[in-house]
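Asker: This structure is in structure tokens; I'll ask about it shortly.
Nothing in this text is a laboratory measurement; each read-out follows from the coordinates by a stated rule. All values reported here derive from a predicted model rather than from experimental measurement. All Cβ positions, glycine included, derive from the backbone under ideal geometry; neighbour counts span all protein chains shown.
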Amino acid sequence: MGKTTRKEGDPIVYRKTIESGLRMWVDAPDEQCRRDIADEYFDNPPERKPPTGECCDNCTHRRTRMIIASDDHSPPSSSSSTTAVQMASTTAAPDAVEVALLDRLDPANWAARTPALRRDNHLKQAQRLLEEWRNRTWLSRYKTQPFGAQGILPDSVLTSLASRTSFRTLEDVRELRWVLAKQHAAKVLKMLEELDREVALEEIAKEQARHDEEVARQMEKEAECERERIRKMIEAAKKLEAKEAEKARKAAEKEAKKKRKAAEKEAEKARKLAEKEAEKARKAVEKEAQKVRKAEEQAAEKARKAAEKAAEKALKKSDKTGGGKRAEGTKRKSLDKGDEPARKRPSSTFHLVHPLALVLSNVRVPPQILL
């Protein structure tokens, strides 16, 4: 049996049969994130953190095409490209996260948020939308035909179209074997696309609101941290000011103590100098007094010698005038008494008292000599 070629309109038949969820993940269109398909399959919660690195090959290709398109429309200059390279080299990791978040919250990328399978309220909205369209179309175009509304869009086809988002073109719908696909598939797919867009934009708005709330909380937290930092800075400044004031006070006390000590030293120096000068003056006075006493003693000694000399001169004169009388008297007394031993004669000094007194009365003698 040779190789057969699939004709246009025939359903796609895969050689390898795999699980439908894995098939949707493998056949995910370029504009759809593979993580969304995995989240839908494993029924993960809708809230998830953006990836720290690359998300999937589809997101990487989409971002590359966007970057290339933006570069084509606005080629960067050499300076701007250099700045971009510098910014990318310094903030590569944060930029990747921010770009992924911006891509996720960008309304233009609503298709990337469309899940592989519609669930819950999204599925109910799609079913209700198709049922209403089927009823309106039957009433407007086929109410005279022998088939009812289900003849336009069978329930099996309606369920497949309402649940799966992989149907995007007429070729995708051919596998459902919908008889009126050529007449109504484009309209139905357009309606489902509009519904998916509205649901995605609503989710984007909700996530944007949550993101804004998170950013507001983060900003409030940062503001609180900044207020706390400012408060600590003020406290530190006050402590530093108090410390500087205490340091200045101690420095002033030290300077005052130093000045007081210098003043005391100067006073002590002046006192010692005054004592030295007083001692010097006292010694000078004593020296002058000694000098005066010595002069007085020399004058007294000179006067005493002059008095002695005058007395001696007077004595000699007295001896000269009264010597003959004393010799004669002595001789007469000796003769009267014969051989009687001569008695001691009174000293001639006794008789000189009056002449010496007469001489000394005319001379000023210091009291020390008389004593």
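Asker: Give the aspartates and glutamates reachable from Lys239 as a straight Cα distance under 13 Å; neighbours fewer than 8 places away on the same chain don't count.
Answerer: Filter leaves no residues.
Asker: Can you flag which of Lys238/Lys258; Lys280/Lys302; Lys124/Lys190; Lys143/Lys187 are past 21 Å Cα-Cα?
Answerer: Numbers: Lys238/Lys258 29 Å; Lys280/Lys302 32 Å; Lys124/Lys190 17 Å; Lys143/Lys187 19 Å.
Lys238/Lys258; Lys280/Lys302, as the Cα separations exceed 21 Å there.
Asker: Next question, about the same structure. I'd like to compare 287-297, 17-27: which one has the highest average count of other Cβ atoms within 10 Å, and what's the full order after that? Mind showing how you got there, number by number?
Answerer: On the way: 287-297: 10.4, 17-27: 13.2.
Output ranking for 287-297, 17-27: 17-27, 287-297.
Asker: Next question. Per residue of region 137-152, what does 6.51 cos²θ - 1.76 cosθ + 1.60 with θ = phi - 60° give for ³J(HN,Hα)? Whole Hz please, x for Gly and Pro, Karplus curve as stated.
Answerer: Whole-Hz 3J(HN,Hα) from phi for region 137-152: 5, 5, 5, 7, 10, 10, 6, 8, 7, x, 10, x, 5, 5, x, 6.
Asker: Next question, about the same structure. In percent, how large is the relative contact order of region 96-183, given Cα pairs closer than 8 Å and 6 or more residues apart? Write down the numbers at each step before the final one.
Answerer: Details: 50 pairs, mean separation 26.4, N = 88.
Relative CO of region 96-183 lands at 30 percent.
Asker: Taking the Cα-to-Cβ direction at Glu253 and at Val26 and moving 7 Å from each Cα, how far apart do the two end points lie in nm?
Answerer: About 8.9 nm, to one decimal.
Asker: To continue, here is another question. Taking the highest mean first, how do the peptides 192-202, 31-41, 276-286 order by number of other beta carbon atoms within 10 angstrom per residue?
Answerer: Values: 192-202: 16.4, 31-41: 19.7, 276-286: 10.0.
Taking the mean over residues of other Cβ atoms within 10 Å, the ranking is 31-41, 192-202, 276-286.
Asker: I've got another one for you. All other residues with a Cβ under 11 Å from the Cβ of Met24 taken together, and with Lys, Arg as +1 and Asp, Glu as -1, what is their net charge? Don't skip to the answer; put the middle values down first.
Answerer: Values: positive: Arg23, Arg34, Arg164; negative: Glu19, Asp27, Asp36, Glu40.
After counting each charged neighbour, the total is -1.
Asker: Viscosity 0.890 mPa s, temperature 25 °C: give me the Stokes-Einstein translational D for region 181-247 in µm²/s, with Rh taken as the Kirkwood radius over C-alpha pairs. Could the numbers behind the result be given before it?
Answerer: Numbers: Rh = 16.9 Å.
The calculation lands on 146 µm²/s.
Asker: If the cut-off is 23 Å between C-alpha atoms, which lysines fall inside it for Lys221, apart from same-chain ones fewer than 8 positions away?
Answerer: Lys49, Lys206, Lys232
Asker: Next up: Under 18 Å from the Cα of Lys316, which aspartates and glutamates turn up, not counting those fewer than eight places away in the same chain?
Answerer: Straight-distance partners of Lys316: Glu308.
Asker: Ranked highest first by average number of other Cβ atoms within 10 Å, how do 227-239, 102-114 line up? Don't jump to the answer; show the numbers that get you there.
Answerer: Values: 227-239: 10.0, 102-114: 16.8.
Averaged packing, sorted descending, gives the order 102-114, 227-239.
Asker: Stokes-Einstein diffusion coefficient for region 210-285 at 20 °C in a medium of 1.002 mPa s, Rh from the Kirkwood formula over Cα pairs: what value in µm²/s?
Answerer: Working: Rh = 18.3 Å.
Translational diffusion coefficient: 117 µm²/s.
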